[in-house]
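One structure is given here, and the rest of the page talks about it.
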Amino acid sequence: MQNDSSVNAINKLDNISNERVAEEPNLHKDRDGKNSHKKASKSRHSQRSHKDDVKAEAPDDKSKRRRNAAQDTGDNPSKRSQDDAKPTGRVRKNRGFLEQKATRQKHKSEKRSEHNKRNVAHPYVRNSRSQNSRNHKGQKTAVYGALDLGTNNCRLLLARPQRKGFRVIDSFSRIIRLGEGLSKNSKLSDEAMDRTIDALKVCSEKMAYRGVHKSRLIATEACRRAENGAEFIHRVHAETGLKLEIIEQQTEAKLAVAGCAALLDERSKYAVVFDIGGGSSELILVEISPDDNADAEHKIEESPFHPNYRIVDWTSLPIGVVTLSEKFGGTNVTHKLMDQMIEYVDAFLAPFEEKHQISKKINKEKIHLLGTSGTVTTVAGIHLKLKQYDRRRIDGFWLESSVSLGVTDMLIDMEFEGRAKHPCIGIERADLVLAGCAIFNAIYRRWPAERTRVADRGLREGILTNLMSGDLADNNKIE
């Protein structure tokens, strides 16, 4: 049985329907199924006759009429239940419309919920129909796409350019572990490739739906190292229509800096930018606001996206969270094992230090670290005791570099089950996070700058920055 508010609403609709029918001179069927004519109005004489008839009725007849009237107006619960079960006329149509609308909304809600479970969206995805999606002449700006296929993750970012930067309209991120077992077999496994293809199909659908104008789709260390990397790229094109580009390490380093350059502190002379990946890690020494006579080849002119800077040098380390955890283990990590991982990583840092004497620069000039990776953002989230990851609080956050050591000790004591349950880590990264901490701690111990700036941005943002720069100069007049 429906509640009273629903019944009243239906009765009201029924009464309105009956009044409208009473005003129409057309034929209609009465409750007995017989055809009868109803006039739009009755004469005063007939009304008086009806009143006289009512007065002449016996008491029993009056009681009977009251019962019938009560049933007709819906005051009888049993009658009301029957009427609810079998609505007629406009009531049935209106109720059917409302039920269909509720069903559609329910299906949309369920579909949206399922989509959110499968796809991890960028935190700043907004409605693409916003007025901000148009240029100063009211023309709709173009959509740009950036895809980063790494050793551990598949990430997509779609955005529209604005006067100072860009606005994200859609994104996708999924852990695919493409480089799983690569360090042992030198090939991408069939299972890993299948997982990756499934993720890339989602990316292809999103790009087609958004009508991407210009894009760059890159593959990094896993495809660079794998013997069947090129073969996999051909398979991706055949099954998804996406043309991936295996980029060189230097290109990856430059894109990483471009993606987070807006977070460079202009009060510092230098910054050591590091990007901890799944299969490799990039180190870039950056000079902030260099002199006009600086090396023109590596100088990046000031743009709407970032301050002026110069890449002094870069290097790529053949270690990442996946390769390091496969070598040392990531499930049961002890403090002793952590020290061994840090020493292993430090051996790869030594040549870069010897060449540039960064530790001496730290003592003489202002230098800060800038970390762009899931490891650094995770350490920041744990330090801030976030109940769930919040990009708005993480991106651009200044972290005392020594905090990483304390967070690492806490994660070791937490053991695998505790890390898997942590809201900033999760089951998919519980066996990788400590390998990332080992790389972070090795960098800090080698170059103990007081502060590290946290960047929840990287290669994808760097790609978008480069793609949009030329079009922004022309006001992006793409219709």
| query | In this structure, does Lys355 turn out to be modelled with pLDDT of 95 or more, surrounded by fewer than 16 Cβ atoms within 10 Å (Cβ to Cβ) and of a type in the set (D, E, K, R)? | reply | yes
| message | Which of the numbered conditions does Met410 fail, given that it passes all the others? Conditions: (1) crowded, with 21+ Cβ neighbours inside 10 Å; (2) outside any loop (DSSP other than H, G, I, E, B). | response | (1)
| said: Can you confirm whether Gln388 is free of Cβ contacts under 8 Å to residues at least 12 places away in the same chain and either under 20 Å from the mean Cα position of the chain (by Cα) or under 19 Å from Thr315 (Cα atoms) (or both)? | reply: no
| query | When you go through Thr377, Thr334 one by one, which is the residue that is within 25 Å of Gly259 (Cβ to Cβ) and in contact (Cβ under 8 Å) with a residue 12 or more places away in the chain? | reply | Thr377
| said: For region 259-287: of the residues being in a helix (DSSP H, G or I) and either among the basic types (Lys, Arg) or touching a Phe, Trp or Tyr at 6+ places or on another chain (Cβ under 8 Å) (or both), which is nearest to Asn441 (Cα to Cα)? | reply: Ala261
| task | Please determine, by comparing only the residues of region 352-385 that are of a type outside the set (D, E, K, R) and in a loop (DSSP other than H, G, I, E, B), which one is farthest from the chain's Cα centre (by Cα). | result | Gln357
| request: For Asp346, work out the one condition from (1) free of Cβ contacts under 8 Å to residues at least 60 places away in the same chain; (2) not in a loop (DSSP other than H, G, I, E, B) it doesn't fulfil. | output: (1)
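The values are calculated or read from the model by the stated rules, or taken from the named source; none is laboratory data. Predicted model only: the values in this text are computed from it and were never measured. Here Cβ is always computed from backbone atoms with ideal geometry, including for glycine, and neighbour counts include all displayed protein chains.
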